[in-house]
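The values are calculated or read from the model by the stated rules, or taken from the named source; none is laboratory data. Bear in mind the structure is a predicted one, so any value in this text is a computation, not a measurement. Note that we place each Cβ from the backbone using ideal geometry, even for glycine, and neighbour counts take in every protein chain shown.
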Amino acid sequence: MKPGRYIIPKGTYRLTDKLYLTKNTKIIMDKGARLLRDHNAGFFINGRTGDSFTGYDGNGNITIEGGTLDGNLTARYKHYNAIGLARGQNIVIRDVEIIDVRGAHAMDINGCKDVLIEGCKFKGYDINYTVDGDGASYMREAIQIANHTEAGFNSFGSFDAQVCENVTVRDCYFGASANNPAYPAGVGNHGAVADLYMKNIRIYDNIFDGMTYAGVRPYKFENTLIRNNTFINCDYGIRYSNPNGNGTYDAGKAQSGRNTVIQGNNFIRSKIRDIYIVGWVKDGITARVKNIQILDNIFEGVSNAETMYLSFCEDVLIRGNISNITSRFVMGYYSINVSVKDNLVNGITNEVVYVSDATADGSTSYVGLGYTKDYYISGNRVENCGRSAFNMSGLDGVEVHSNVIVNASTETVGTRSAIVATASTRNGHNNKVRGGLWIKSRTFLNEFTVDDYLRKEVKLIVAKYTK
């Protein structure tokens, strides 16, 4: 297509080849305009085979607005990217509905800058995992935000792993179509390049409905904002994972993302976990996910799913959240400097905060090596937890104070302490435990002090709730 402004009126149009977008192109589709895919590729791409761009100097200043892109899988059952973009800057995709993509992405964004995706609908994803799964199909994203590599997007070059920068996804819907279930993942990536990070990714005011892997999957992202989204019936709401150093472009390095804010989201009935954030250790080097804020979210869960799982993280603030009916509020392994403050937690099947340096699968590789240290647990209100409210094992450095705990050990009444710090937990300091009806610790007996007035206050609260 030549540069210019194109208007597509209401109606259905059979598309027999993908459309090549050049610089300074604007496509406006009227409400009711439908492009019906009738070939084996996608709808739009901003380059041709043989093109080679550097930096963000590819085809940019592009707008696609309105209309429906129909994959027509009953007639054209073939993998395809609906919209493929690389090396462009100043790209807007607004109010577009993409229906039934097979085996690839609704939008594949590689090495682009200043991209806005708003008001779009991503409905329906199809893959036969047994016949033609490629190892990543089970985690495929509707919107992929990636480096430009030949393995990831080989339609045109250059393949120098240019990162994406300044990408915003807002006011979009991700879910099932009439014929196919929702995408495995809504927004994210599943590959990375050594020493390079996707930068300034903003994801807000979206709905992720029934994602079979995760609503949002950041993959070694830097400066990420995930705000005011709704996650409904997803396996994971947010699954933040990172390269372990064994990938094609990892150069043997495990590296993790940094600077993430997760704020004001609603998580409704996540099937496995609401938030999952994991770094790695390779060749003795710890690649922690750093600088995480989890603020003011609402978690409406199910009794066998966890709210948060943190492993190899550093500098984490969990504050002002409300969590109802989950397995655990915080499950923490090998993390440093974690603050759990001013949260309201109710109806936890197991522990509210469980911290250990030995994982649930029995791994003891990092026990006693200082990988798990410095937790600050304060100002939380806990009601009705099945086991201990706070259970700490192998933790080096902890403060617990100003918490109110109502009805701990509901699983088997009176058999567990409200707060447990095992003998392997050490260097507690300035602790004042408030609101624990039972306190069990061998190493903390001379370090914990109990506020007698607040102990009486909590007993009154318990009496009120057990009448």
- Query: Within region 114-139, which residues are at pLDDT 95 or above and under 18 Å from Gly152 (Cβ atoms)?
  - Reply: Val115
- Any idea which of Thr49, Thr22, Thr12 is closer than 11 Å to Gly88 by Cβ and either part of a loop (DSSP other than H, G, I, E, B) or of a type outside the set (A, V, I, L, M, F, W, C) (or both)? Thr22
- Being at pLDDT 85 or above and closer than 16 Å to Glu306 by Cα narrows Asn391, Asn403, Asn380, Asn407 down to just Asn391
- Message: Yes or no: region 268-279 includes at least one residue that is more than 17 Å from the chain's Cα centre (by Cα), assigned to a strand (DSSP E or B) and closer than 17 Å to Thr372 by Cα.
- Response: no
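Condition check ((1) surrounded by 21 or more Cβ atoms within 10 Å (Cβ to Cβ); (2) of a type outside the set (Lys, Arg)) across all residues:
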{"position": "Arg273", "(1), (2)": "yes, no"}
{"position": "Val278", "(1), (2)": "no, yes"}
{"position": "Gly301", "(1), (2)": "yes, yes"}
{"position": "Phe312", "(1), (2)": "yes, yes"}
{"position": "Val316", "(1), (2)": "yes, yes"}
{"position": "Gly320", "(1), (2)": "no, yes"}
{"position": "Val340", "(1), (2)": "yes, yes"}
{"position": "Val353", "(1), (2)": "yes, yes"}
{"position": "Leu369", "(1), (2)": "no, yes"}
- Task: State whether one or more residues within region 42-49 are crowded, with 17+ Cβ neighbours inside 10 Å, within 20 Å of Ser177 (Cα to Cα) and touching a residue at least 40 places away in the same chain (Cβ under 8 Å).
- Result: yes
- Query: Out of the residues in region 225-251 that are under 10 Å from the mean Cα position of the chain (by Cα) and not aliphatic (A, V, I, L, M), which is surrounded by the fewest Cβ atoms within 10 Å (Cβ to Cβ)?
  - Reply: Ser241
- Out of the residues in region 375-413 that are of a type in the set (Val, Ile, Thr) and either in contact with a helix residue (DSSP H, G or I) (Cβ under 8 Å, 6 or more places away or on another chain) or more than 25 Å from Tyr334 (Cβ to Cβ) (or both), which is surrounded by the most Cβ atoms within 10 Å (Cβ to Cβ)? Ile405
- Take the residues of region 67-109 that are surrounded by fewer than 19 Cβ atoms within 10 Å (Cβ to Cβ), part of a loop (DSSP other than H, G, I, E, B) and not hydrophobic (A, V, I, L, M, F, W, C): which is nearest to the chain's Cα centre (by Cα)? Asp95
- Taking Arg202 as meeting all but one of (1) within 20 Å of Arg102 (Cα to Cα); (2) surrounded by fewer than 18 Cβ atoms within 10 Å (Cβ to Cβ); (3) basic (Lys, Arg), write down the number of the exception. (1)
- Message: Criterion first (crowded, with 18+ Cβ neighbours inside 10 Å and either modelled with pLDDT of 90 or more or under 20 Å from Ala418 (Cα atoms) (or both)) does Ser335 satisfy it?
- Response: yes
- Message: Just the residues that are surrounded by 20 or more Cβ atoms within 10 Å (Cβ to Cβ) and either outside any loop (DSSP other than H, G, I, E, B) or at positive phi (or both), please, taken from region 182-198.
- Response: Ala185, Gly186, Val187, Gly188, Met198
- Message: So Asp126 ticks every box in (1) surrounded by fewer than 19 Cβ atoms within 10 Å (Cβ to Cβ); (2) under 21 Å from Tyr249 (Cα atoms); (3) of a type in the set (Asp, Glu) but one. Which box is left unticked?
- Response: (2)
